[in-house]
Amino acid sequence: MSRIKYLAAALCSILQIGDALSQSIETERPFQDIPFDERAAGAFAAAPEAITWYRFGNSVQKTPLSAADDRLPTDSRRPNGEPPGTRNPVTPPDTSIGKVYFTDASGNPKQCTGTLVIGDLVITAGHCVHPGNGGNFYTNIEFLPGYADGSFVGRFTAEEVTVFAGWYQSGDFAHDIAFIRVTPVPRSVHRIGLGLFKPSCRIGDYFPFIRHGYTPLLNNGERQWESGEAVSGCYQGLVYGSKRTHPGSSGSPSMARISGYVFAVHSAEDVQFPFGSYDALLTKAKLCFALRLYDASCSI
């Protein structure tokens, strides 16, 4: 247990150091604070609870969160064009990123993308584990890291699945984030850190980031792909990327290009804006919840 607490403390230190370093990098601006407008709180309200399903006992538990730490930006500058971006296959695949398989409420097999971040914890999109209508969690959830052409590091089964009240109750895409605790993953498998970055979305600011993910529309979903993008706008608590996305890439990590930290999770393509897609931002409350199994006190 002392070793776990030490690792958690080290992780928090790394996040803080990484944030300080990123402030000195001109081409990668850290997110700027955007005042929370209480008058517009309805659409951007905090998700005051985490809802966790436990495989053993098939039970659901609700955990209160700090509403102050789960507030979202209210900037509403819409994307206005397609900045430069690239798509390239990742060879060999990043072993911290893999496929998330599940069976939906209609009994159909589906897949998303997930990322191993802390211990045995995987981050993905909320809609990859729950329909967002107050119903039951999806079943047969598994994580296959480093998937490529039918090969993968291992097959790890979900032990706990957590979404947040904003998604669980009403399908609010600003809270379209999930954490999956899977069966033990070997420590030799790479983990990716979590970060708290928030784009200013001011005209002229440039914040480059990358996504890794899978989609059947590229190599029949057999290869991991990287998408180089730039933040192109913010709307209703979501951050917009510059490239279109495809089924299967939901849950892909959005990572700051230089630091490599995951600061958001890919949610969906914006059908009203033909060049873009949007991601759900991590908040302090969600990040601290992710650390709960490894450090009871979150010092971020």
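The values are calculated or read from the model by the stated rules, or taken from the named source; none is laboratory data. This is a predicted model, so every value here is computed, not measured. Heads up, the Cβs are rebuilt from the backbone with ideal geometry, glycines too, and the neighbour counts pull from every protein chain shown.
In this structure, Ser66 qualifies as under 19 Å from Leu194 (Cα atoms), at pLDDT below 90, over 17 Å from the mean Cα position of the chain (by Cα) and small (Gly, Ala, Ser). Each residue in the stretch 129-178 was checked for being part of a strand (DSSP E or B) and of a type in the set (Ser, Thr, Tyr), and 4 of them qualify. Residues that are more than 18 Å from Leu291 (Cβ to Cβ) and of a type outside the set (A, V, I, L, M) within the stretch 56-72 comprise Phe56, Gly57, Asn58, Ser59, Lys62, Arg71, listed in sequence order. Filter the stretch 120-136 for residues that are among the aliphatic types (A, V, I, L, M) and more than 20 Å from Gly171 (Cβ to Cβ); which is surrounded by the fewest Cβ atoms within 10 Å (Cβ to Cβ)? Across the stretch 120-136, the extreme among qualifying residues is Leu121. Please work out if Gly132 is at positive phi and of a type in the set (Gly, Ala, Ser). So Gly132 passes the test. Taking the stretch 106-119 as the range and being surrounded by fewer than 21 Cβ atoms within 10 Å (Cβ to Cβ) and either assigned to a loop (DSSP other than H, G, I, E, B) or under 12 Å from the mean Cα position of the chain (by Cα) (or both) as the test, the residues that pass are Ser106, Gly107, Asn108, Gly119. For the stretch 147-177, taking the residues that are small (Gly, Ala, Ser) and free of Cβ contacts under 8 Å to residues at least 60 places away in the same chain, the one that is surrounded by the fewest Cβ atoms within 10 Å (Cβ to Cβ) is identified as Ser151.
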